[in-house]
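Trainee: Okay, here's the structure, questions in a sec.
Computed from the coordinates by the stated procedures, all read-outs in this text should not be read as laboratory data. Everything numeric here is computed off the predicted structure, so don't read it as measured data. Counting neighbours? That spans all protein chains shown, and the Cβs are built from the backbone with ideal geometry, glycine included.
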Amino acid sequence: MALLYIHIPYCDSKCYYCSFNSYTSKHDTKSSYISALERSLEFELDRFKIGKSGLESIFIGGGTPSTIEPSLYKNIFRQLNSFIKDGAEITVEANPNSASIEWLDGMFQLGVNRVSFGVQSFYDKKLKILNRVHSSREAKGAVLDAYRVGFRNISVDLIYGVVGDSRELLKRDIATALSLPINHISTYELTIESGTKFYDTPEVKYLNDALGYYVRDEIVEGGFQQYEVSNYGRYRSIHNLGYWSLKSYIGVGAGAVGFLDNMRLYPHRDISRYIDNPTWSDVEMLTRDDIITEKIFLGLRSEVGLERDILTPDMQRRADHLVKFNRLKLEGGVYKNSNFFLSDELTLSILTD
Ligand SMILES: C[S@@+](CC[C@H](N)C(=O)[O-])C[C@H]1O[C@@H](n2cnc3c(N)ncnc32)[C@H](O)[C@@H]1O
Ligand code: SF4
C-alpha cells in the first residue's frame, strides 16, 4: 500500500514566511503542467508497481491547489481511478480566497473527501503581517462552505510564534477554529526560512518556548488529541501517519519528493524544466543508518512510536535507559513518547552516547 503526493506549485501571492516551491507569475503554464503530471503519474505508478486499489491515500498540496479549476484535475482522477483503494483518504489543500463553493463542490464531486485550509490566523492584523491574501471572514466562510458541499474531514492550519502573539490571541484563534465544523488542526510554530521575506526581518518571530505547550493544552482541552508535534484531531490523517511510518510515497510535480525502498526521488523544481521532462528525478540513496535515524526521529515526534527491533544494541541500551527514567514507555516492543516537543532531544539521546 502506498501514498501519493501531487504538488501544485502556483500561488496567488507569496506569504512572507513561505519557502515552499510555488510561483505567483507562471499561471499560464497550468494546463501543460497538468499534462506533465499525468505523464509522471503513469511513470511512477509503474516504477512503484502500484496495482489495483494500491493507493491508500492521495494528497494534493502546494503551493495552492485551489488556484486550479476542478475540470483540469478530471483526467488525473480518471487515470487514478482503479488504483484508489475503497475508503482511501483523498485530501486537497486550499486557500480561503480561492476555494469558492463551486471549487469545493467540484473537487468533492471528483472524489476528494478531505480538505485542509491554510488559515494561519483569524486575526486580520496577523494575516496582514504574514502577507496572507484572505480575511478572517473569508476563512470562516470557506470552512462552512466545505461543510455545506459535503466534506466531513476538514482541517485548518494555524501559525503561532509571530510578533504580536499572546496567549489571549491564540486562545481565541483556537476557539474560533474549534467552533467550526472541523475534525483536525495543524499548528506550526513560525520558522524563519532562508529565501523568504521574513529572512530579512527575523524579529517578526516571537520566541517563547511555553507557547507550544499552551497551544497544545488549549486544543486538547477542546477535545482534539495530539498525534504528532504539530497535528491534532478527532480524526487522524492516514496520509500523515503514512509519512511518519516511512511508508513508500510517490511524489509527482515540480519539487515533490518520492520515497521508495532506500531511495529518495526528486523531480525538477523549476516548472518549465519539469514540464519538459516530468519523468526525470534525481535519486538520493539512503543508507540503513539514514533510514534508522529517520524512523527514530519520525516515530518519536508522533504516535507512531519506534520499534525496538530496528535499533542497534547500543541504541536499544540508550533507549532502555530513557525508559528507566520515564522519558519513554516501552509498549509491545515499541517505544512511545508522550511529549512530542522533546522528540529532537530524545532522538539525539538514542543516537549518541
Ligand atoms: C504547504 S503549506 C501550504 C498550504 C496553503 N498553500 C496555504 O498556505 O494556505 C502548508 C502549511 O505550512 C505552514 N507553513 C509553511 N511555511 C511555514 C513556516 N515558515 N513556518 C511555519 N509554518 C509554515 C502553513 O501553516 C501552511 O498552511
Ligand atoms: S503558505 Fe501557501 S499560499 Fe502562502 S506562499 Fe506558501 S504555499 Fe503559497
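Trainee: FRET efficiency for D290 and S53, Cβ-Cβ distance as r, R0 = 30 Å, nearest 0.05?
Mentor: Approximately 0.45, to the nearest 0.05.
Trainee: If one computes the Cα centroid of the range 98-117 and of the range 237-263, what distance in Å separates the two points?
Mentor: Taking the Cα centre of the range 237-263 as reference, the centre of the range 98-117 is 23 Å away.
Trainee: Eigenvalues of the Cα gyration tensor times 5, then square-rooted: what semi-axes does that give for the range 193-273, in whole angstrom, largest first?
Mentor: 30, 24, 10
Trainee: Zone of S338 (label point 7 Å along Cα→Cβ, backbone N under 20 Å): which residues in the range 301-330?
Mentor: 301-308, 319-330
Trainee: May I pose another question? Distances over 17 Å make up what percent of all Cα-Cα pairs in the range 128-178?
Mentor: Values: 556 of 1275 pairs.
So the pairs more than 17 Å apart make up 44 percent of the total in the range 128-178.
Trainee: On to the next question. Under 13 Å from a point placed 7 Å out from the Cα of D46 along the Cα-to-Cβ direction: which residues of the range 261-293 have their backbone N that close?
Mentor: 279-280
Trainee: Please list the non-local residues whose amide H lies under 5 Å from the amide H of Y23, H modeled 1.01 Å from N, same-chain partners needing a gap of 5 or more.
Mentor: Sorted by chain and number, the residues that satisfy this are Y10, C11.
Trainee: In whole Hz and in residue order, list the ³J(HN,Hα) couplings for the range 279-288 that follow from phi through the Karplus curve 6.51 cos²θ - 1.76 cosθ + 1.60, θ = phi - 60°; x for Gly and Pro.
Mentor: Karplus-based 3J(HN,Hα) across the range 279-288 equals 9, 7, 8, 6, 10, 10, 8, 9, 7, 4 Hz.
Trainee: Efficiency by 1/(1 + (r/R0)^6): what FRET value for E203 and D353, r their Cβ-Cβ distance, R0 = 35 Å, to the nearest 0.05?
Mentor: That gives a FRET efficiency of 0.35.
Trainee: If eta is 1.306 mPa s and T is 10 °C, what Stokes-Einstein diffusion coefficient results for the chain, Kirkwood Rh from Cα pairs, in µm²/s? Write out the running numbers ahead of the final one.
Mentor: Details: Rh = 21.3 Å.
For the chosen part, D equals 74 µm²/s.
Trainee: So what are the ³J(HN,Hα) numbers for the range 195-202, from phi and the Karplus equation (6.51, -1.76, 1.60; θ = phi - 60°), rounded to whole Hz, Gly and Pro as x?
Mentor: x, 9, 4, 5, 4, 8, 9, x
Trainee: Moving to a separate point now. Between Y266 and I310, what is the label-to-label distance in nm when each label sits 7 Å out along the Cα-to-Cβ direction?
Mentor: So the two model labels end up 2.2 nm from each other.
Trainee: Quick check for you: which residues of the range 289-306 have the amide N under 15 Å from the point 7 Å beyond the Cα of S245 toward its beta carbon?
Mentor: From the range 289-306, the list is 295, 298-300, 302-306.
Trainee: Apply the Debye scattering formula to the range 288-353, with a single equal point scatterer on each alpha-carbon and no solvent, then give log10 I(q)/I(0) at q = 0.13, 0.18 Å⁻¹.
Mentor: Per q value, in the given order, log10 I(q)/I(0) is -0.26, -0.53.
Trainee: Further question on the same structure: Tell me the net charge near K85. Cut-off is 10 Å between Cβ atoms, K85 excluded, with +1 for each Lys or Arg and -1 for each Asp or Glu.
Mentor: Net local charge, K85 excluded: -2.
Trainee: May I ask which of K30/K74; K126/K197; K295/K329; K14/K140; K295/K324; K85/K329 have a Cα-Cα span longer than 25 Å here?
Mentor: Exceeds cut-off: K85/K329.
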